[in-house]
1. Please list K223, K163 in order of solvent-accessible area, largest first, computed with a 1.4 Å probe with all protein chains present.
2. If you count only protein heavy atoms and use a 1.4 Å probe, how large is the accessible surface of D60, to the nearest 10 Å²?
3. In square angstrom, what is the accessible area per residue of segment 5-382 with a 1.4 angstrom probe?
4. What FRET efficiency comes out for I150 versus K353 if R0 is 30 angstrom and r is the Cβ-Cβ distance? Round to the nearest 0.05.
5. In percent, what relative contact order does segment 51-108 have, based on Cα pairs under 8 Å that are 6 or more apart in sequence?
6. At a 1.4 Å probe radius, carbon and sulfur cover how many percent of the accessible area of the chain?
7. How do T190, T111, T306 rank by accessible surface area computed with a 1.4 Å probe, from largest to smallest?
8. Under a 5 Å amide H to amide H cut-off, with H placed in plane at 1.01 Å, what residues pair with K239 once short-range neighbours are removed?
Amino acid sequence: LQGIFVLGLPYALLHSGYSGLFLLILAAALCCYTGKILIACLYEENEDGQLTRVRDTYEDIANTCCKNLSPELGGILVNVTQVVELIMTCILYLVVSGNLLSHSFPYIPLTEKTWYVIAFVTLLPCVFIKTLKMVSKLSQLCSLVHFIIILVVMTYCLTQIHKWSWAKFRLSIGFEEFLVSVGVIIFSYTSQIFLPTLEGNMKNPGEFRCMLNWTHFFACVLKTTFALTAFLTWGEETKEVITENLPSFLQTIVNLCLLTKALLSYPLPFFAATEIVYSCISRGNHSNYRSPIFALGVRGSFLLLTLLMATFIPHFVLLTGLTGSVTGAVMTFLLPSLFHLKLKWKKLCFLEKCADTSVFILGFLCSLTGIVCSIKGLLEVFG
């Protein structure tokens, strides 16, 4: 919940004004709610009226809901959406890495695309990652670096408190820019694809709802505090990635920390995406699809795909907004509410049905309008 994309939140506030602060809180509440109803879909009551876990994954829930149409249709839909979100996340890490390298070494006469290639080369060992053991170690280091970055930025912003002014907040905002900001904010909270596995591995799954409440509460407080202090410090001059606003003596240090974090963050979504694709392909009895060479080819292809996409779409916030609108809204709002209504309709009270329906409609509108505006923004950049 506290990923590198928190660095785009001050820029989102620039284009969403006071409504952005409200959205940061609303998104946390809605994501917490949809996380709970998604986990509720894993359980059914047995003959004694006790809840029993009868499903294990997001894919299992989707297959159950779509079994009348096709036994595997729901799972395919969820897997495709998950892979798109994970790959887009990898692309974002690569874009950030290239941008950071470019700003950290401005005296080296290389284009930004060349820096993408350099970052790509450092990520080549990812094709040899076969288990989560190595990924978990990298993620631990990543978390440590993340808190160092946030501490440095927040400390500098607090030294500039004499410059803060609420007048920097917009009362009137552009509709299209606002919708892109919505996508950025949603994407910063997305975690639903990991929740079934997380809940299934908890020592006491009964504490899941309490855990979700507290983590989303603290994530909301941290994100809102960080975005607010950074925006009040720089106002209209707020950049897409907030660390670009730091003075030069801090910028190089923070950028190198960010570069380390981005590169350490890349293996987790990359590993998850390639594992989904590889497991789907190798489900049959085709022994060729289960060979180590084929697995290496799948990982290598995905790695190359992220480089090509990063080269063609090198815009951090627009890409974050598009990802949040397309996959974030679908996995976080649309599918959990739809599946909950489908599986629990007879047991839900009127208010619960209204809540699920409202979340579904809100997610659909955010997704549709966000996609249109983000794509339009990207087309204008290329035009």
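1. Result of the area sort, largest leading: K163, K223.
2. 60 Å²
3. Values: 18020 Å² over 378 residues.
Result: 48 Å² of accessible area for each residue.
4. About 0.15, to the nearest 0.05.
5. 20 percent.
6. 69 percent
7. Listed by decreasing accessible area, they come as T111, T190, T306.
8. Under 5 Å from the amide H of K239 lie the amide H atoms of N245, each far enough along the sequence or on another chain.
The values are calculated or read from the model by the stated rules, or taken from the named source; none is laboratory data. For clarity, every value in this text was computed on a predicted model and none was experimentally measured. All Cβ positions, glycine included, derive from the backbone under ideal geometry; neighbour counts span all protein chains shown. Accessible surface is based on the protein model in full, side chains and every heavy atom, while ligands, DNA and RNA are left aside. Shrake-Rupley method; radii C 1.70, N 1.55, O 1.52, S 1.80 Å.
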